[in-house]
Amino acid sequence: MTPRIYISPSSQPDNTYAGVDTNEQEVCRAIARELAEDLKRCGFEVICGDYGTMYDRVRESNGWPAGLHLPIHTNGFNGEVAGTRLMSYDLKGSGYKVCQAIFKHLAPLTPGTSENISAHPEKYEIYAAVAPTAYVEVDFHDVPDVALWLTQNKPQIAQAICQGICDYYKMAYIPESSEEYAPDPEPAPDPEPAPKPSGKIEGLPVVKSGSCGDAAKIVQGALIAKGYSCGSSGIDGVFGVNSVAALKSYQKEQGITADGIVGPATWGKLLGV
């Protein structure tokens with residue numbers, strides 16, 4: 001099956017670039033469009049969600065469904081720190097492994113030196129996306145020299161990210177220049193119409209009282225983000241009494257059977273499908 005990549009660039013136009021007349025949304029959407037073309041050339045299926053909010057894009061990513069969810073951002077801190085940062089749900093799963101593959105190509109390219117991969121299960125696009133997420137912060141736009149570099153190197157940034165994704169999926173990276181030597185492709189058949197979202201997500205584990213692990217963490221994170229407390233332990237991956245009570249309150253509010261069990265209908269509501 002052809003890998004499906006959902007690119008989710010920043011929708012933050014208020015994050016302006018230091019010394020350059022542009023902003024995070026404008027630059028990241030340009031990088032995303034370049035990356036989409038690079039990935040398609042290398043044989044991936046791609047949706048570039050260069051519109052709306054992160055909630056719109058997670059909903060589309062989950063409904064497709066994507067095999068990898070890829071937010072693209074630039075960063076800001078104190079006008080001095082710079083470097084590539086990547087984030088995943090934890091430091092052992094598929095999202096982390098994709099981050100490692102991208103980091104290998106992107107970090108040597110960018111001008112900053114404060115670089116790492118870290119776990120951020122509390123970030124909405126990391127816990128709410130059904131697919132593994134590799135969250136890319138290319139470099140810091142509040143450092144003037146770096147901001148200028150970001151605006152001048154969008155194609156190179158996209159190529160580095162594409163190379164990392166190709167490495168992870170063990171697919172050959174095809175440079176843009178090689179297209180002129182490639183034979184004409186066979187005409188593609190008309191695509192099947194996309195199914196309409198059912199409001200349910202099949203195939204995810206049932207989460208209920210006593211459940212433990214990543215699925216329980218995702219449910220707890222989604223509930224907390226929607227304003228429902230799971231108790232003092234927060235996102236601990238143990239679905240206990242407080243988490244069940246929060247879930248029942250959410251289900252009642254959403255018009256779902258308030259049984260304290262996360263099945264397809266509740267997954268669909270929690271993840272916005």
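The values are calculated or read from the model by the stated rules, or taken from the named source; none is laboratory data. Just so you know, these numbers come straight off a predicted model, no measurement behind them. Here the Cβ positions follow ideal geometry from the backbone for every residue, glycine too, while neighbour counts run over all protein chains shown.
In the set (1) outside the structural domain of His120 (by TED's automatic domain parsing); (2) surrounded by 15 or more Cβ atoms within 10 Å (Cβ to Cβ); (3) of a type in the set (A, V, I, L, M); (4) at pLDDT 80 or above, Ile165 fails one condition alone, (1). Just one of the listed residues (Ile157, Ile161, Ile117) is closer than 30 Å to Leu223 by Cβ, touching a residue at least 12 places away in the same chain (Cβ under 8 Å) and among the hydrophobic types (A, V, I, L, M, F, W, C), namely Ile117. From the list Asn23, Asn78, Asn62, the lone residue that is over 15 Å from the mean Cα position of the chain (by Cα), over 30 Å from Ser177 (Cβ atoms) and buried (at least 16 other Cβ atoms within 10 Å of the Cβ) is Asn23. Scanning segment 223-249 for residues being out of contact with any Gly (no Cβ under 9 Å at 6 or more places or on another chain) and either crowded, with 17+ Cβ neighbours inside 10 Å or in a helix (DSSP H, G or I) (or both) gives a total of 4. Pairs meeting the criteria (first residue in segment 228-243 and touching a residue at least 60 places away in the same chain (Cβ under 8 Å), second residue among the polar types (S, T, N, Q) and surrounded by 14 or more Cβ atoms within 10 Å (Cβ to Cβ), beta carbons under 9 Å, at least 6 apart or on different chains) are Ile235/Gln220. Only a single item in (1) in contact with a strand residue (DSSP E or B) (Cβ under 9 Å, 6 or more places away or on another chain); (2) over 27 Å from Ala225 (Cα atoms) is not met by Pro108, and it is number (1).
Against the numbered list (1) farther than 16 Å from Ala134 by Cβ; (2) in contact with a Pro (Cβ under 8 Å, 6 or more places away or on another chain), Thr2 comes up short only at (2).
Taking each residue of segment 1-15 that is closer than 22 Å to Ile126 by Cβ and looking for partners that are of a type in the set (Ser, Thr, Tyr) and not in a strand (DSSP E or B) with beta-carbon atoms closer than 6 Å, six or more apart or interchain, yields Pro3/Tyr169; Tyr6/Ser61; Ser11/Thr53.
Checking each residue in segment 118-146 for being closer than 24 Å to Gln163 by Cβ, buried (at least 21 other Cβ atoms within 10 Å of the Cβ) and of a type in the set (Gly, Ala, Ser) picks out Ala129, Ala134.
Filtered by the rule that a residue be over 28 Å from the mean Cα position of the chain (by Cα), closer than 24 Å to Gly63 by Cα and of a type in the set (S, T, N, Q), segment 234-266 gives a lone residue, Thr257. Being within 21 Å of Ile174 (Cβ to Cβ) and either part of a helix (DSSP H, G or I) or without any contact (Cβ under 8 Å) to a residue 24 or more places away in the chain (or both), is that true of even one residue in segment 41-62? Yes - at least one qualifying residue is present in segment 41-62.
Mind checking which helices (runs of 4 or more DSSP H) fall wholly inside segment 104-185 and carry at least 3 residues that are over 18 Å from Ala66 (Cα atoms) and not basic (Lys, Arg)? The helices (runs of 4 or more DSSP H) meeting that bar are 144-152, 154-169.
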